[in-house]
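Structure first, then comments.
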Amino acid sequence: MAEAWTTLADLRAQTLKAWNTGALLRELLDPSGAYPRRRALKRPTAAALLGDYVAARAWAAELFAAVGPFTLETAEVGRTTIGSNRLPAAVVFASAKDEIAFAGKARDAARFVELTEGLSALDPAFRAWALRRPLKLVELGADALTAARVALWLRGNPWPGVFVRQLSLPGVHTKFVENHRRVIDELVETLALRTASGVDDDDAGGAPLPDVQAQPGSLLGQPAARTPAARFAARHGFLHPPELVRFRLLDPGSPLLGGARDITVTAEAFNTLELPVASVLITENLVNFLALPDQPGTVAIYGGGYGFSSLRDAAWLRDCEILYWGDLDTHGFRILDQLRAVHPHVVSLLMDEATLLAHRDVWGTEPSPSKAPLGRLTAEESALYTALANDAFGASIRLEQELIRWDWALGKLHR
């Protein structure tokens with residue numbers, strides 16, 4: 001019966017839950033009127049007192065001993081059975097600060113208030129972001145102030161046309177921006193939201209920020225800029241190194257640049273190529289790419305998974321046979337499915353059930369299998385994708401392409 005009574009640990013868990021949502025920190029900046037806050041307790045009944053008085057007494061003693069961050073309301077129990085006893089009936093936190101102290105987070109809360117004041121001193125609009133992301137502010141510490149200075153610089157220097165490396169702000173370098181891109185985006189949007197709406201800071205509160213819009217016109221549903229760093233640069237008008245495409249001419253009888261056969265060009269240049277080939281083989285693994293044998297009229301491309309946007313714009317690929325060799329897992333099939341959105345004639349290679357079953361000894365585990373419906377797979381591919389997604393061979397099974405025996409791979413390649 002004792003397990004049904006609200007313990008001190010139960011109370012602390014409720015308070016930590018409120019902390020983890022950011023609600024307690026928001027109360028410090030923007031009181032909601034929730035305090036004093038009363039939390040009712042499940043307590044022993046008169047029958048429980050009669051049946052296990054010792055346990056009930058220990059339960060009450062623990063709560064009485066913890067009074068300080070909260071006060072206790074009591075209720076009389078057992079007058080007509082075991083005798084009158086006053087037991088805890090509810091705890092009352094007078095303020096958010098008291099409940100934060102009970103959670104053991106007083107130091108973090110003080111730091112939150114200090115950081116919010118620092119952000120507001122840079123620009124009052126940042127108070128809205130602190131309300132929206134209080135725990136993130138505590139996590140970032142002083143880095144939040146540096147990120148805010150970057151956001152202010154971007155407001156004053158729209159579309160700067162320089163590399164991130166060229167920013168001359170204290171404490172700001174390429175690695176800092178890479179590590180804090182999302183926060184900088186949010187802070188920039190906070191400034192833009194206030195400017196566009198003309199809303200007073202006190203009214204802005206914790207209003208949700210608009211999502212940063214991805215650029216249209218992309219392969220595989222991804223923004224035209226392939227990497228997070230490239231998308232950040234495109235969003236804010238920074239220069240960014242161009243996307244590069246690496247390919248190997250597998251036909252030794254077709255010289256391209258003298259004796260060069262392993263070539264890297266920009267995606268823009270790749271789109272304009274006119275290669276003397278009839279077949280294109282895309283593989284996601286570098287060693288496989290380097291080890292592919294000579295093949296007449298064939299070029300190999302070192303792929304880039306979901307973000308390989310150069311395939312979208314290379315119109316010359318439509319006149320070539322395209323083979324795709326990806327990992328034998330659910331995401332490998334998703335990439336294959338999305339490649340076919342642009343080039344419907346893509347054929348999968350070494351992504352079949354026979355290959356999977358022949359390599360049980362090197363099966364691995366896929367971290368986050370996909371269960372998305374895929375409409376561009378062949379019947380055989382779809383059956384294997386469904387089997388992998390539904391754990392027909394085991395939990396989250398995957399076969400990485402680099403683990404396929406080379407003699408098995410060569411047999412398929414030659415055929």
Could you please let me know if L410 is outside any strand (DSSP E or B), open to solvent by less than 30 Å² (accessible area, probe 1.4 Å) and not acidic (D, E)? no
Listed by range, helices (runs of 4 or more DSSP H) wholly within region 271-383 having at least 1 residues that are of a type in the set (F, W, Y), open to solvent by less than 60 Å² (accessible area, probe 1.4 Å) and within 21 Å of R398 (Cβ to Cβ) are 286-291, 330-339
When every residue in region 30-81 that is of a type in the set (V, I, T) and within 21 Å of D10 (Cα to Cα) is compared, the one surrounded by the fewest Cβ atoms within 10 Å (Cβ to Cβ) is V54
When every residue in region 159-169 that is open to solvent by 90 Å² or more (accessible area, probe 1.4 Å) and at pLDDT 90 or above is compared, the one nearest to P241 (Cα to Cα) is Q166
By residue number, the members of region 96-117 that are surrounded by fewer than 16 Cβ atoms within 10 Å (Cβ to Cβ) and among the small types (G, A, S) are G104, A106, A110
Would it be correct to say that T21 is at pLDDT 95 or above and open to solvent by 60 Å² or more (accessible area, probe 1.4 Å)?
-> yes
Cβ pairs under 9 Å, 6+ apart or interchain, first in region 385-405 and on the phi > 0 side of the Ramachandran plot, second buried (at least 17 other Cβ atoms within 10 Å of the Cβ) and in a strand (DSSP E or B), ordered by first then second residue, are D391/I397
Within region 136-158, restricting to residues that are touching an Asp or Glu at 6+ places or on another chain (Cβ under 9 Å) and more than 17 Å from F112 (Cβ to Cβ), the one that is least open to solvent (accessible area, probe 1.4 Å) is A151
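The values are calculated or read from the model by the stated rules, or taken from the named source; none is laboratory data. Predicted model, so just to flag it, every value in this text is computed and none were measured. So basically every Cβ, Gly included, is an ideal-geometry build from the backbone, and we count neighbours across all protein chains shown. The protein model used for the area step is the full one, side chains on, heavy atoms only, and it has no ligands, DNA or RNA in it. Shrake-Rupley method; radii C 1.70, N 1.55, O 1.52, S 1.80 Å.
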